[in-house]
Amino acid sequence: MPWVEPEPGPSPEQKPKLTKQDSATGPEWYQKSEESESEGNQPPLGPLASPRPPETPGPPALERDDAPLPEGDDASSPRPSVLDDAPLPEEETPEPRAICRHRHRCHTDCLEAPLSRAFQWLGWQVGAHPWIFLLAPLMLTAALGTGFLYLPEEEEEDLEEQYTPVGGPAKAERRFVQGHFTTNDSYRFSASRRSTEANFASLLVVSYSDSLLDPATFAEVSKLDGAVQDLRVARENGSQIQYQQVCARYRALCVRPNPLLYAWQENKTLNLSSISFPIYNHGGHRLYLTGFFGGRILGGSLGMGHLLLRAKAMRLLYYLKTEDPEDSVQSKQWLTHFLEQFTNITNTLALKKIEVVHFTSLSRQLEFQATSMTVIPVFHLAYVLIILFAVTSCFRFDCIRNKMCVAAFGVISAFLAVVSGFGLLLHIGVPFVIIVANSPFLILGVGVDDMFIMISAWHKTSLADDIPERMSNVYSKVAVSITITTITNILAFYTGVMSSFRQQMFLLQPKRK
């Protein structure tokens, strides 16, 4: 019998390293494969994870047909069978995964998360009960809007009180001066001793010629002075306020608006070509002309001053009583009447040699109020333009996604906020300051910005959801950011309240009677 060489056994290095667990249950990867197959899923295939053939009775499985033959064997030689003594593939160790089940994390949404849930609930309520949230703001605005009944129609504003610091050192120094250097406008008025601005009316007379130092020009100036001093204010009780009642006095006479003009009115033969400047000696009385003449041309030295050759302009100052509150009120009434009648006076006199301009202590305040009142027509125009812009921006050709009406109501909502806020402040006794007439523009801009954000979030919701669910989604996503930006705006405006300027506070002492 021929001798057959036995098959070489596997070397020790190629013997599989099986554990007791592997021999009993099979490799772990094979178990996972069976579990995946049992769940109906395709198990992951790897270099060693080929699908297991179905178990059928019969001879043991042989090697695959495409397995390489050992060296030295030809194609006709039989292939060795792979039985129990065949080497098993080494188990591939799976890569560890980063699983941190008990890892502590720092939550930074401790404020945003509860706010989002709260606004989500609010949005659901708004979508579920729309009429309540539509009618309630209207009723609240109507109730707070009654505060406009306390809006003063003609209340004068003190510009010094509003546009100077409350505790400024200048006011403390002025109180010190007033305590040590008293004045008396009713008997010994002196403009140089005034520590506060007095009530006054100022006329600047400019000559059409090179100089007004001639009798004809002085005659027209004298007519103008007489017309101003003849003004009378009719009061509600039938009495009148004359200039002699409200003028600041030096001893028994009203302070003269121009000392040289007064000297010429007393003596019209006065030689105006021999006037010395700045001090003129008239009948033993010194007349101080500084500040009363402009465009001066001086000549040689003459007595206590230089000869006044020419003067282009002359100033007339009408000082009124200021210290006593009742006299100050009457003085302001006379000044208001003066401003109303000044144009009629110049037209009636038909002045030919001089041109006249005027200024009073009330001019700045009245012009400031007039400028602020011009904002009211622009306010209505601005609302119309913003409504048109908002409606146009939210227009869509799709009737479902078109939000023109929503944009219009968004602008109306900002208007209701203005009425409610102003009415509430007037109810609690905060007086109206004219400068706040410009604030509705700022409030309108802030409110319209938030409206666009909410409409944008509404477009991103699903059309298949119902209205309460879509509203809750919108509120949960954008209401938190709107709230934060609103809080920053409140803090920014609060810095104005803390300012030492009352016109920025908008919060003066209550003056309601």
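The values are calculated or read from the model by the stated rules, or taken from the named source; none is laboratory data. Note that the structure is predicted; figures quoted are calculated from it, not measured. Counting neighbours? That spans all protein chains shown, and the Cβs are built from the backbone with ideal geometry, glycine included. Just the protein is used for accessible areas: all its heavy atoms, side chains included, with ligands, DNA and RNA removed. Shrake-Rupley method; radii C 1.70, N 1.55, O 1.52, S 1.80 Å.
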Query raised in the report: Taking H as built 1.01 Å from N, whose amide H comes closer than 5 Å to the amide H of Leu287, not counting residues under 5 places away?
Result: Tyr280, Asn281, His282
**Report entry** Kirkwood hydrodynamic radius over Cα pairs of segment 198-360, then Stokes diffusion coefficient at 4 °C and 1.567 mPa s, in µm²/s
**Finding:** 77
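Based on the mean of other Cβ atoms within 10 Å per residue, sort peptides 327-333, 237-243 so the most packed one is first. Don't skip to the end; give the middle numbers.
On the way: 327-333: 18.6, 237-243: 12.0.
Packing proxy ranking, top to bottom: 327-333, 237-243.
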Query raised in the report: Residue by residue, what Karplus-based ³J(HN,Hα) values in Hz, rounded to whole numbers, does segment 435-450 have, using 6.51, -1.76 and 1.60 with θ = phi - 60° and x for Gly and Pro?
Result: 5, 6, 5, 8, 5, x, 4, 5, 5, 5, x, 5, x, 5, 4, 5
Query raised in the report: How large is ³J(HN,Hα), in whole Hz, for each residue of segment 194-210 in order, when computed from phi with the Karplus curve 6.51 cos²θ - 1.76 cosθ + 1.60 and θ = phi - 60°, using x for Gly and Pro?
Result: 6, 9, 10, 6, 8, 6, 7, 10, 10, 10, 10, 9, 10, 7, 6, 8, 6
Query raised in the report: In whole Hz, what ³J(HN,Hα) sequence does segment 277-282 give by Karplus (6.51, -1.76, 1.60; θ = phi - 60°), x for Gly and Pro?
Result: 10, x, 10, 10, 8, 10
Report task. Return the FRET efficiency for the residue pair Ile132, Asn402: r is the Cβ-Cβ distance, R0 is 22 Å, and the value is rounded to the nearest 0.05. Result -> 0.30
**Report entry** For peptides 356-364, 170-178, sequence by mean Cβ density within 10 Å, most packed first
**Finding:** 356-364, 170-178
**Report entry** Estimated dipole of segment 198-360 in Debye, rounded to 20 [Cβ of Lys and Arg +1, of Asp and Glu -1, Cα centre]
**Finding:** 400
Requested in this report: Mind listing the long-range amide H neighbours of Leu302? Cut-off is under 5 Å, sequence gap 5 or more, other chains count too, H placed in the peptide plane at 1.01 Å from N.
Outcome: Leu307
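When ligands, DNA and RNA are left out and all protein chains stay put, how many square angstrom of accessible area per residue does segment 414-473 have with a 1.4 Å probe? List each step's numbers first, then the result.
Values: 2660 Å² over 60 residues.
Value for segment 414-473: 44 Å² per residue.
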Query - Sites Leu385 and Tyr262, calculated FRET efficiency, Cβ-Cβ separation with R0 56 Å, nearest 0.05 - result: 0.45
Requested in this report: Using a 1.4 angstrom probe on heavy atoms only, work out the carbon and sulfur share of the accessible area of segment 260-368 in %.
Outcome: 51
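Could you please report the charge total around Ala191, scoring K, R as +1 and D, E as -1 over all other residues with beta-carbon less than 14 angstrom from its beta-carbon? Before the final figure, lay out each step's value.
Numbers: positive: Arg188, Arg193, Arg194, Arg249, Arg256, Arg315, Lys321; negative: Asp185, Glu197, Glu323.
Taking every Cβ under 14 Å from that of Ala191, the sum is +4.
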Requested in this report: Name the residues whose placed amide hydrogens come within less than 5 Å of the amide hydrogen of Arg188, ignoring near sequence neighbours (fewer than 5 apart) on the same chain.
Outcome: Arg251
Report summary line: Counting Lys and Arg as +1 and Asp and Glu as -1 over every other residue whose Cβ sits under 14 Å from the Cβ of Gln229, the net charge comes to +2
